[in-house]
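**Q** First, the structure itself, so that you have it in front of you.
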Amino acid sequence: MIYLAGPYSSISPAIQEFRFQKLTEAAGVLMNKGLFVFSPVTHGHPISSMGGTPTSFEYWKSHNFHFLATCSILFLLELDGWEQSIGVQSELLEAERLGIPIKALDYETYEIKELSYG
């Protein structure tokens, strides 16, 4: 299963909504290729919006890391802000700690590529 990471939190509700939409679209593209995907933003955004849970990474961290531990690879959707995202950086570190491979996913073409960071 693929863990689809990407930035979410923003002081701008419009940016947060855009990130949710792009991550959800990317999950759909991957699923249409026959891949199994868990997108924490796609999962958590509607729950927070409708269920009243916090949107903070700290609230979702243990939940997300539980799913991450069951995944065989992490794809990072390279939306603007991923390098500054506390959540994304924590997910990358946790994936490395667990020995889970990490790949980048272009946010326009959904092309899979090597991730350059660090």
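**Q** Can you tell me which residue is surrounded by the fewest Cβ atoms within 10 Å (Cβ to Cβ) among those in segment 82-118 that are more than 14 Å from the chain's Cα centre (by Cα) and of a type in the set (Ser, Thr, Tyr)?
**A** Selected residue: Ser116.
**Q** Could I ask something else about it? Mind listing whichever residues of segment 82-93 are assigned to a loop (DSSP other than H, G, I, E, B) and either at positive phi or not hydrophobic (A, V, I, L, M, F, W, C) (or both)?
**A** The answer is Glu83, Gln84, Ser85.
**Q** Also, I was wondering about something else. For segment 10-81, list the helices (runs of 4 or more DSSP H) that sit wholly inside it and hold at least 2 residues that are among the hydrophobic types (A, V, I, L, M, F, W, C), touching a residue at least 60 places away in the same chain (Cβ under 8 Å) and surrounded by 18 or more Cβ atoms within 10 Å (Cβ to Cβ); which are they?
**A** In segment 10-81, 13-32 are the helices (runs of 4 or more DSSP H) which contain 2 or more residues that are among the hydrophobic types (A, V, I, L, M, F, W, C), touching a residue at least 60 places away in the same chain (Cβ under 8 Å) and surrounded by 18 or more Cβ atoms within 10 Å (Cβ to Cβ).
We did not get these values from a lab; they are worked out from the coordinates using the rules stated. Just so it is clear, the model here is predicted, and its values are computed rather than measured. Positions of Cβ are backbone-derived with ideal geometry, glycine not excepted, and every protein chain shown enters the neighbour counts.
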